[in-house]
Amino acid sequence: MRGYQEQIGQFNNIWEAAKEIFGNALWQDDPTILYCINIPLHPSCYEHMRVVSDNLQSMVPASLANLWLYNEDMHITLMIPGRMADQFQEGDIDSIRGSIEKVVQNFPKFSVELGNINYFPGTIFREVYDRNGNIFALHNQLADSIPFDLHPEYRYENYNPHMSIGYLAGEHKGLIKHPKFNREIGVVEMKVEKIYFSAVTDAGHVYQQKILGEFPLGK
């Protein structure tokens, strides 16, 4: 299991690579429904994350092309089973739902830490750390149970939990040069009490999701 300092080191490596390409790649929306397994932002962190998001938005030119997530839509992705007819078939939906239910029924509630700001091409996100490795254990158990994955290269040891804040399709190269930008914004603890399975689309730069099942952690 990846240790705490190793988690931070991995994100530092991602940031060093991201600085070189920041703003060169833009996020692209996709009208095709995407099926995801996520941890929701806990309501106790809503106000904190609203302030973080508002601060970031104030440093980027306003654009309808950018999609900033509302608190209710912010999440930590555990797995992305993918798209129907590409990664799996309609008949597999119930199997995925059943696999999630079996994994979580004996998995205890836990906490993670929301940390520094970071960047994938077109996506600004918050790093997620787990001192006890629970989120990695949960991901691994889901990956063992569900064979479908949009990005199998990011399973197991390549899984880096994060919370997306905004998907940027507009100009944003100046963000990291903004005098108020600081990627080190401290650490906030977040409770993980449930996960959910959803069908998501971001067509027209509007994030919409249909919850297909909510699963409280078992203990």
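Rule-based calculations on the coordinates, nothing more; no lab input. Everything numeric in this text was worked out from a predicted model, so none of it was measured. Cβ coordinates were reconstructed from backbone atoms using ideal geometry, including for glycine residues, and neighbour counts include every protein chain displayed.
With a simple spin-label model that places each label point 7 Å from the Cα along the Cα-to-Cβ direction, the separation between E16 and A137 comes to 3.1 nm.
Rounded to the nearest whole Hz, the Karplus-based 3J(HN,Hα) values (6.51 cos²θ - 1.76 cosθ + 1.60, θ = phi - 60°) of the range 100-117 follow the sequence 4, 4, 5, 5, 7, 5, 10, 9, x, 5, 8, 10, 10, 10, 8, x, 5, 7, with x at glycine and proline. Stretched out straight at 0.36 nm per residue, the stretch from D29 to A199 would grow longer than its current Cα-Cα span by 59.7 nm. Size descriptors for the range 32-86, from the alpha-carbon set: Rg then Dmax equal 14.0, 40 Å. Projected onto their three principal axes, the Cα atoms of the range 135-215 cover extents of 46, 32, 27 Å, largest first.
Note on D94 and N182: the extension gain reaches 27.3 nm, defined as 0.36 nm multiplied by sequence separation minus the Cα-Cα distance.
Couplings 3J(HN,Hα) for the range 57-67, derived from phi with the Karplus relation 6.51 cos²θ - 1.76 cosθ + 1.60 (θ = phi - 60°), are 4, 5, 9, 10, x, 4, 7, 5, 6, 7, 10 Hz, where x marks Gly and Pro. Structure remark: mean-square fluctuation, Gaussian network model of the chain, C-alpha springs under 10 Å; the largest value among S63, S198, S53 belongs to S63.
For the range 4-216, a crude dipole built from +1 on the beta carbon of Lys and Arg and -1 on the beta carbon of Asp and Glu, taken about the Cα centre, is about 460 debye to the nearest 20. Using a simple spin-label model with pseudo-atoms 7 Å out from Cα toward Cβ, S58 and K191 lie 3.0 nm apart.
Could you work out the local net charge near G186, counting Lys and Arg as +1, Asp and Glu as -1, over the other residues with Cβ closer than 14 Å to its Cβ? Write down the numbers at each step before the final one.
Numbers: positive: R126, R183; negative: E113, E127, E184, E189.
Within the 14 Å Cβ shell, the charges total -2.
So what is Rg over Rh here for the range 4-216, counting just Cα atoms and using Kirkwood for Rh? Kindly include the intermediate steps, with their values, before the conclusion.
Values: Rg = 16.8 Å, Rh = 17.8 Å.
Rg/Rh for the range 4-216 comes to 0.94.
Extending 7 Å from the Cα toward the beta-carbon at both E101 and Y46 defines two label points whose distance is 2.9 nm.
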